[in-house]
Amino acid sequence: MANRLVDIIPAQAERYGDREAYRFCWRKDGEWQSTSWKEFRAQVDVAGKSLARLGLQEKDAIAICSPNTPQILITELGAFQNRLASIPLYSSSSQDQFDYIVSNGGAKILFVGDSHQYPLAYSYWKRHRDAVERIVVFKNDGFDLEADDDVTIFWDDFVRLGMEASEEVADEVRRRSSEGLPEDTATLIYTSGTTGEPKGVVITHSNYDAAIEKHMELLEQVDDTDLSMAFLPMSHILEKAWSFFCLFRGIAIAVNYDPRIIQDTIHTVHPSIMCCVPRFWEKVYAGVKEKIAGMSKTQQMLVRRAVHVGKRRNLDYLRIGKKVPWLVEKEYRFWEKRIFQKLKEAIGIPNPNMFPTAGAPLSDRIVEFLRSVGIEVVIGYGLSETTATVSFYPPVDYEIGTVGVPLPGVEVKIDKNGEILVKGPTVTPGYYKNPEANAAAFTEDGFFRTGDAGYFTKNGALVLTERVKDLFKTSNGKYIAPQMLESRLAENKYIDEAAVIGDQRKFVTALIVPNLSQLRRWAEEKGIDYSDTVRFVALPEVVAFMMEQVNGVQGGLAEYEKIKRITLLPHHFSIMNGEVTNTMKVRRPIVARRYAREIEAMYAY
């Protein structure tokens, strides 16, 4: 019996025909082009035959390193027809990362997005000619291939291979497809990791099947009238698993090519559902706060009243399944029309349904605000090793401050050290060619060690406290959870990024990347010169002002938890330099080494 990810596109093409399956736009100012389910099926079938013609055998692997584009889905689904594994790589990967992942995964065909990723594949091929059978470039953005490159073709050439395939090739693909097994590897996804070499997480077809089945049962409010935006990289397990879920639900996907222009894209597409990371909502919240700060006193009072009513209706009543009093509902409708709807339109989501959000902590205050104004941010928790979801907010009785309740059929428990352990049909069978990592990652009774610390509330909701490895202890013996502090700092409009420091130190400090546009606006009002950024962020009056902002979000913390000193950085933490992961999680050991001088200076007086 073939796997579901092989069966779904033909089934949806039969069901929906000419209805939209996905839309895409290459350029910021370009026109979005829509593709029907029937056309989508034809594209996948062609890709399947193209891969077969290139000589790949069952159980071989391909690698895809590209910004988001429909070709990723087309290629992967074509690969699944051939019982091939797909290895997704972030488009921002360094040469070392690319080399390690492609080599470790044994990819024989390398798919790249455009001229930015082509040099990675070309350089790898130059050094591993026998291992690479073909390079395929999705987008020909006007660049020339290297003179000695006789292995690279463009997407149109790849498609032509499938279109000109013989009936024998088509029969071979159908045979492979029909013989697919649930335990076949679908995706080999390499964890970016905050420490050490990336590990290849084996995600089988049965892992995806189980995850999709559970989400189909639970997400009743999501249906085929929704429009999803693929905003997170498709190399991220959350976006990948969500995209496959959307295919099963019959939901059209708008594929966002460049994450830097999401604010433009979202105002053009108006998605009703979209996977997000907390950073997106932190920026939205900061923007809303700035807008409110510029209002008159009367307007600010009205907004506060509206949010108060929204909180009563959505959190005090609907959240726990209670009927909303008539007067509260009537007033909510009033504010919905005059304030909340305008806010949603300003964000670019005039008809929001739900927005799965995970990857890092999101401040409770931001969650409460978004829920109060009618934006259903659904907080969840998961890992690559669990095919994304371990837990998420249920529609009713969700608890803010938690990451929701475990997925049915997924067993979650806390060990004696506070680590979250997971077992179930969505959990990876293990890391690829890495017996040492597997031995360390699984308990004797088959539970996966997540590396995250947490606990359950009395109502069965999971609270995520910190990465076990990120928890640090001050020299006074007090435990500190840096991510909790960093999520608080993210509430402030003057703070863009932060790395909390304090392991084996007398007190807690932080490296802070300020929101320079906001900070320069403040400086202009104060008559402070900001033309030289390095000099500007080191000015005592600027550091003092930013320390005031830090203190403003530390209310309710124990004294030993509070950040006592800060250093402002004139630039963002770098993915390329390894300071943060592709999902913007701080790699603390690297940051500690790279900024050792700045850190020591904070403890020198």
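Here Gly382 fulfils each of the conditions (1) touching an Asp or Glu at 6+ places or on another chain (Cβ under 9 Å); (2) of a type outside the set (A, V, I, L, M); (3) surrounded by 19 or more Cβ atoms within 10 Å (Cβ to Cβ) apart from (1).
Would you confirm whether any residue within the stretch 216-231 is touching a strand residue (DSSP E or B) at 6+ places or on another chain (Cβ under 9 Å) and in a helix (DSSP H, G or I)? Within the stretch 216-231, one or more residues are touching a strand residue (DSSP E or B) at 6+ places or on another chain (Cβ under 9 Å) and in a helix (DSSP H, G or I).
Within the stretch 354-369, the set of residues being aliphatic (A, V, I, L, M) and either farther than 21 Å from Gln341 by Cα or out of contact with any Ser or Thr (no Cβ under 9 Å at 6 or more places or on another chain) (or both) comprises Ala358, Ala360, Leu362.
Between Glu444, Glu419, Glu411, Glu399, the distinction of being touching a residue at least 60 places away in the same chain (Cβ under 8 Å) and of a type outside the set (S, T, N, Q) belongs to Glu399 only. Only one entry of Lys28, Lys38 meets the criterion of being outside any loop (DSSP other than H, G, I, E, B) and either without any contact (Cβ under 8 Å) to a residue 40 or more places away in the chain or not small (Gly, Ala, Ser) (or both), and that entry is Lys38. In this entry, Gln33 passes the filter for residues that are out of contact with any helix residue (DSSP H, G or I) (no Cβ under 8 Å at 6 or more places or on another chain) and over 30 Å from Gly106 (Cα atoms).
Restricting attention to the stretch 460-480 and to residues that are among the aliphatic types (A, V, I, L, M) and open to solvent by 20 Å² or more (accessible area, probe 1.4 Å), the residue that is modelled with the lowest pLDDT turns out to be Leu471. For residues that are farther than 27 Å from Ile212 by Cβ and small (Gly, Ala, Ser), scanning just the stretch 423-459, find the one that is surrounded by the most Cβ atoms within 10 Å (Cβ to Cβ). Step by step, filter the stretch 423-459, then rank; the result is Ala453.
Restricting the stretch 328-367 to residues that are touching a strand residue (DSSP E or B) at 6+ places or on another chain (Cβ under 6 Å) and in a helix (DSSP H, G or I) leaves a set whose member that is least open to solvent (accessible area, probe 1.4 Å) is Val367. A count restricted to the stretch 506-525 and to residues that are under 25 Å from the mean Cα position of the chain (by Cα) and either of a type in the set (Gly, Ala, Ser) or open to solvent by less than 10 Å² (accessible area, probe 1.4 Å) (or both) stands at 5. Kindly provide the set of residues from the stretch 402-422 that are surrounded by 15 or more Cβ atoms within 10 Å (Cβ to Cβ) and in a loop (DSSP other than H, G, I, E, B), ordered by number. Within the stretch 402-422, Val403, Gly404, Leu407, Val410 meet the criteria. Residues that are at pLDDT below 95 and under 18 Å from the mean Cα position of the chain (by Cα) do not occur anywhere in the stretch 202-214. Report yes if some residue within the stretch 561-577 is at pLDDT below 85, of a type in the set (S, T, N, Q) and open to solvent by less than 40 Å² (accessible area, probe 1.4 Å); otherwise report no. Scanning the stretch 561-577 turns up at least one residue that is at pLDDT below 85, of a type in the set (S, T, N, Q) and open to solvent by less than 40 Å² (accessible area, probe 1.4 Å). Of the residues making up the stretch 52-70, none is at pLDDT 95 or above, more than 24 Å from Asn140 (Cβ to Cβ), assigned to a loop (DSSP other than H, G, I, E, B) and open to solvent by less than 20 Å² (accessible area, probe 1.4 Å). What's the total number of residues in the stretch 340-367 that are more than 17 Å from Phe392 (Cβ to Cβ) and hydroxyl-bearing (Ser, Thr, Tyr)? So the answer is 1.
Number of residues in the stretch 149-181 that are open to solvent by less than 60 Å² (accessible area, probe 1.4 Å) and either among the aliphatic types (A, V, I, L, M) or part of a loop (DSSP other than H, G, I, E, B) (or both) equals 11. Assuming Gly142 fulfils every condition listed in (1) open to solvent by less than 40 Å² (accessible area, probe 1.4 Å); (2) at positive phi apart from one, which condition is it? Here Gly142 meets the rest and fails (1). Kindly indicate whether any position in the stretch 19-38 is modelled with pLDDT of 95 or more, within 18 Å of Ser178 (Cα to Cα) and not polar (S, T, N, Q). Looking for residues that are modelled with pLDDT of 95 or more, within 18 Å of Ser178 (Cα to Cα) and not polar (S, T, N, Q), one finds none in the stretch 19-38, hence no. Of all residues in the stretch 81-117, those satisfying the criterion of being part of a helix (DSSP H, G or I), buried (at least 23 other Cβ atoms within 10 Å of the Cβ) and under 24 Å from the mean Cα position of the chain (by Cα) are Ile101, Val102.
The values are calculated or read from the model by the stated rules, or taken from the named source; none is laboratory data. Computed from a prediction, not measured in an experiment: that's the story for all the values here. Don't worry about glycine lacking a Cβ; one is built from the backbone with ideal geometry, like all the others, and counts go over all protein chains shown. Ligands, DNA and RNA are excluded from the accessible area calculation, which covers all protein heavy atoms including side chains. Shrake-Rupley method; radii C 1.70, N 1.55, O 1.52, S 1.80 Å.
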